[in-house]
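What follows is one structure encoded as structure tokens, with my remarks underneath.
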Amino acid sequence: MKQVVFNKERLTDDEIEMREQRVKIILRNSKDELLLCKVDGVYHFVGGHPKGKESINECAKREVKEETGIDMESESFTPFLELKQYKSDYFGTGKNGLATITYIDGKTDERFNYEERNLDEKEAEKDFVLEYVKMDEAMRVLEDNREVSKKQNKEFITTEMMYVVSEYKKQLIELNKKKGNKEEKAESKVEIKG
């Protein structure tokens with residue numbers, strides 16, 4: 001899994017006073033569509049914080065069920081990117097913080113189901129809708145949403161999502177190349193007896 005660290009203030013781990021772990025899930029179907037949340041007009045990935053001693057995959061399973069109504073197995077998720085962000089005055093707390101966000105690939109053709117969702121109290125108060133976006137159009141859709149996110153002081157979410165979609169696409173290309181090489185090697189090993 002690729003790791004990226006943002007630490008322009010050069011904080012050390014010893015200086016960190018608060019830590020936050022988040023999990024965000026890239027849900028993709030066989031039509032190459034991404035399932036995105038749109039919360040008060042701003043796009044987000046499905047996701048949240050692990051509870052108790054939940055593993056990353058257990059958190060992903062729970063969050064997908066809560067936010068989309070889709071029931072997936074923990075084993076169907078694959079972490080592909082981890083972002084670590086060190087920040088002084090973490091979200092106005094006056095404390096040095098470290099946010100670690102693990103991005104997970106989840107593939108499913110199951111459709112979202114508003115009836116099966118179980119949003120938490122804060123989420124339920126918001127305009128929280130789900131939308132499929134073709135992966136080839138995701139960057140344009142996110143860029144078109146930048147002004148809305150900027151007005152809500154959440155432009156960083158749009159920027160982060162665009163970076164993650166770009167990384168996700170790169171990793172899919174690499175994975176497909178590796179699969180292609182394995183298939184080529186397997187084909188070259190086929191022995192025909194006659």
Q: Starting from region 84-127, pick out the GluC sites (Glu not before Pro) whose DSSP state is loop and whose Cβ has at most 16 other Cβ atoms within 10 Å.
A: GLU110, GLU125
Q: Within the set of other residues whose C-beta is less than 12 Å from the C-beta of MET18, count the net charge using Lys and Arg as +1 and Asp and Glu as -1.
A: -1
**Q.** Solvent-accessible heavy-atom area per residue, rounded to whole Å², over the chain at 1.4 Å
**A.** 61 Å²
Q | 10 Å-binned pair-distance histogram of the chain (Cα, whole percent) | A | 8, 30, 35, 17, 6, 3, 1, 0
Q | 3J(HN,Hα) from dihedral phi, region 109-126, Karplus parametrisation 6.51/-1.76/1.60, rounded to Hz, x for glycine, proline | A | 9, 5, 7, 5, 9, 4, 5, 9, 6, 9, 5, 6, 4, 5, 5, 5, 6, 9
(Q) Which entries of LYS154/LYS178; LYS65/LYS95; LYS8/LYS65; LYS154/LYS177; LYS87/LYS122; LYS8/LYS107 have Cα-Cα distances beyond 31 Å here? (A) LYS154/LYS178; LYS65/LYS95; LYS8/LYS65; LYS154/LYS177; LYS8/LYS107
Q. What accessible surface, in Å², does a 1.4 Å probe find on VAL4, ignoring ligands, DNA and RNA and rounding to the nearest 10?
A. 20 Å²
Q. In region 28-76, what trypsin sites (Lys or Arg not before Pro) fall in a loop by DSSP, with at most 12 other Cβ atoms inside 10 Å?
A. LYS31, LYS51, LYS53
**Q.** Heavy-atom accessible surface of region 129-172: percent carbon and sulfur, 1.4 Å
**A.** 54 percent
Q) Under the definition of Cα pairs under 8 Å and six or more residues apart, what whole-number percent is the relative contact order of the chain? A) 27 percent
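The values are calculated or read from the model by the stated rules, or taken from the named source; none is laboratory data. Here the structure is a predicted model, which is why all the values come from computation and not from measurement. Don't worry about glycine lacking a Cβ; one is built from the backbone with ideal geometry, like all the others, and counts go over all protein chains shown. Ligands, DNA and RNA are stripped out before the accessible areas are found, and what is left, the full protein with its side chains, is counted by its heavy atoms. Shrake-Rupley method; radii C 1.70, N 1.55, O 1.52, S 1.80 Å.
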